[in-house]
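We did not get these values from a lab; they are worked out from the coordinates using the rules stated. Being a predicted model, the structure only gives us computed values, none of them experimental. Cβ sites come from the backbone with ideal geometry, for glycine too, and all protein chains shown count toward neighbours.
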Amino acid sequence: MSKKSNIFYSEIYKKLEQKILEVLNGQPDFLSVSTVNSPRAVGDAVQDILAVNFEKIIDNLGLDYSAKFARRAMADLAFKDKDGFYYVVDVKTHRLDTVFNMPNLTSVERLARFYEDDSNYFVILKVDYEVTKTKAIIKKVHFVPIEFLSWKCLTIGALGWGQIQIANSNNIKLIPQNSRKKWMIQLCNNLFEFYPNEISKINERILYFKKVKAFWKKKTE
């Protein structure tokens with residue numbers, strides 16, 4: 001990439017993280033007794049708050065802001081900056097007292113196509129929170145492009161072409177200003193290991209169901 005985002009290759013993104021945290025913690029209680037223990041309800045509420053406030057958060061950094069996307073779209077929020085970079089933002093929430101959480105981030109094939117254009121950034125906005133009674137207290141915000149996430153904290157799940165996942169939301173490892181080229185090459189190398197393993201699993205399943213078929217063919221009606 002000859003030119004890089006000023007947001008992520010400076011300290012601006014860290015300032016945005018702080019602004020997001022302050023906006024979320026400045027909201028009136030948005031949970032109830034019936035929703036406080038529902039991660040989906042918390043996630044939806046946080047996303048709605050950000051959708052309303054994100055244009056103010058990015059202020060003069062962003063143009064053409066949008067928060068209207070289909071449920072299965074790559075982005076929850078999106079904007080362009082004055083330098084022509086396009087950011088799609090995937091909002092993730094994580095309750096810190098949960099033992100294990102492995103959220104999907106995006107399809108490997110979808111990301112590969114999206115990153116054919118160097119001006120595109122797929123951004124993870126991860127909100128870590130704790131719950132006190134019916135109040136969600138935001139403790140940490142990450143606002144980083146996916147290539148700033150180390151492969152030490154990522155994995156690939158067997159869905160479609162493969163889904164990039166955070167292996168454990170309690171264990172995030174960042175590489176600030178990481179090289180997209182190196183990260184994408186590592187993605188390819190990981191897939192070169194992942195796909196043969198999946199083929200092996202599929203072959204085992206085929207053999208198993210051949211036995212199942214033989215078993216049922218011997219049965220009488």
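The table below lists the values:
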quantity	calculated
Per-residue ³J(HN,Hα) for the stretch 28-42, Karplus 6.51 cos²θ - 1.76 cosθ + 1.60, θ = phi - 60°, Hz, x for Gly and Pro	x, 3, 10, 10, 10, 4, 7, 10, 4, 9, 9, x, 5, 5, 5
Sites GLN18 and ASN197, calculated FRET efficiency, Cβ-Cβ separation with R0 30 Å, nearest 0.05	0.15
Residues whose placed amide H lies under 5 Å from that of TYR65, excluding near-sequence neighbours	LYS80
Per-residue HN-Hα couplings for the stretch 5-22 [Karplus 6.51, -1.76, 1.60; θ = phi - 60°; Hz; x = Gly/Pro]	4, 5, 5, 9, 10, 7, 8, 4, 5, 5, 5, 5, 4, 5, 5, 4, 4, 5
Environment charge of ASP59, counting only residues whose C-beta is closer than 13 Å and scoring Lys/Arg +1, Asp/Glu -1	+2
Ranking of PHE54, PHE215, PHE114 by count of other Cβ atoms within 10 Å, fewest first	PHE215, PHE114, PHE54
